[in-house]
Structures are given as C-alpha cells and as structure tokens.
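One structure is given here, and the rest of the page talks about it.
Where a number appears in this text, it was derived from the coordinates with a stated rule and is not lab data. Remember, it's a predicted structure, so these values are computed and weren't measured experimentally. For neighbour counting, all protein chains shown are included, and Cβ atoms are generated from backbone atoms with ideal geometry for every residue, glycine included.
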Amino acid sequence: MELDQLISKFQQKDAQAFEALYHMYSASMQGAIYNIVRDEDIAEEVMQDVFVKAWHSADSYSAKKGRFFTWLVNIARNAAIDKTRSKAFKNSRQNLNTDYFVDIIETQDSLDNQTDAIGIKKFVTKLADKCKEVIELLYFKGYTQKEASEELDMPIGTIKTRNRQCIQELRNMVLE
C-alpha cells in the first residue's frame, strides 16, 4: 500500500494503517525523542504518547503543508521538550547516578545513530558548521531558540535567521 493511502486510512481511524505507520516510524521517533530526553524508557513512553496523539489529531495533518513524517517528528519533538520541562522529569533528574553522565558524553558527532534512522544525518553533515550547530541544538537536543542563543552566544535574531536558512538548505538537499 502506498504511503498516501496508508495516511488516508490512518486519518479514517483504520487500526491496520496505524500499526503499519507505527512500525514504519516508531524507531525514528524514538531516536529523535531520545536525543532530547536521554532516557530509553522515557523515550519509549513519549513515543507511544506521540502515536496516540497523532491518532487523535490525524485529521489535522495536511499533505499540502508538508510530509507526514515531518508532521509526526514535530509532534515527537514537542512532546519530548514538554516532558523535559515537566516537574516530574526535573525531579527525577535531581539524583542521577554517574552512568547517566557517561552516556551524555558525545563521541564522534552528536547525531545519535537512532536519529539517523530517519536518514537525515547524511544531509546535516553536508551543511556548513554554523548550520550544524543551530540544527543540532534546536532539533536534536531540544533547545529553545533562546537557549540556543545563550549556548552559542549569538543574538536570538541570528539564531532564528540561521534556523530558517539552514532548514531551507536541508529541504532543498532532501528534495533534490
């Protein structure tokens, strides 16, 4: 079955379409979420919530506005960021053991292998360094634009402009 048909059936609340899309995208969503929450169990929990939310708001997806995957990853990213901002999440991080910090130390580059399940790593690596920094912080680490501005010591307007330009550059690469 073609993706468009699958999405249409998903929007009509077809359980088999839900299952097929879940199998297609769950690893990618979980990888994107994990890059933000840095906890496998929480990433899995949030990922399941993302699919339930997508199921309930399926009628809000429009192919005219963008790809289904993009719509889904935006739901995942927002849910992961919401999770990290929750009081329960912050409280659970107060007394972490050292294993947590060892896992955070980044090796080669900070784009995790699970995130690459979406196939974006090869495109991001082709971007200029200034774009890689912004994309990594905003989309792979879950920073807000204000937080990225502080981290990179740049005006927020510069972050917003680079974000727009870099995403457009990525979009052009992917669609070529």
If the limit is 32 Å between Cα atoms, which of K9/K87; K122/K160; K121/K160; K65/K122 go over it? K9/K87
Nitroxide proxy distance, nm - points 7 Å out along Cα→Cβ at Q145 and Q12: 4.0 nm
Please list the equivalent ellipsoid semi-axes of the stretch 1-107, computed as the square roots of five times the alpha-carbon gyration tensor eigenvalues, in descending order and whole angstrom. 30, 13, 12
Going residue by residue through the stretch 155-168, the Karplus relation 6.51 cos²θ - 1.76 cosθ + 1.60 with θ = phi - 60° gives ³J(HN,Hα) values, rounded to whole Hz and with x marking Gly or Pro, of x, 4, x, 5, 4, 5, 5, 4, 4, 4, 5, 5, 5, 5
A correct Karplus calculation of ³J(HN,Hα) over the stretch 122-137, with 6.51 cos²θ - 1.76 cosθ + 1.60, θ = phi - 60°, whole Hz and x for Gly and Pro, returns 4, 7, 4, 5, 7, 6, 5, 3, 4, 6, 4, 4, 5, 4, 4, 5
Compute the length gained on full extension between N172 and E40: take 0.36 nm times their separation in residues and subtract their Cα-Cα distance, giving the result in nm to one decimal. 44.3 nm
Charge dipole magnitude, Cβ of K and R +1, D and E -1 - the stretch 120-176, Cα centre, debye nearest 20: 260 debye
Under 5 Å between amide H atoms, partner at least 5 residues away or on a different chain: which partners does T144 have, H built in plane at 1.01 Å? none
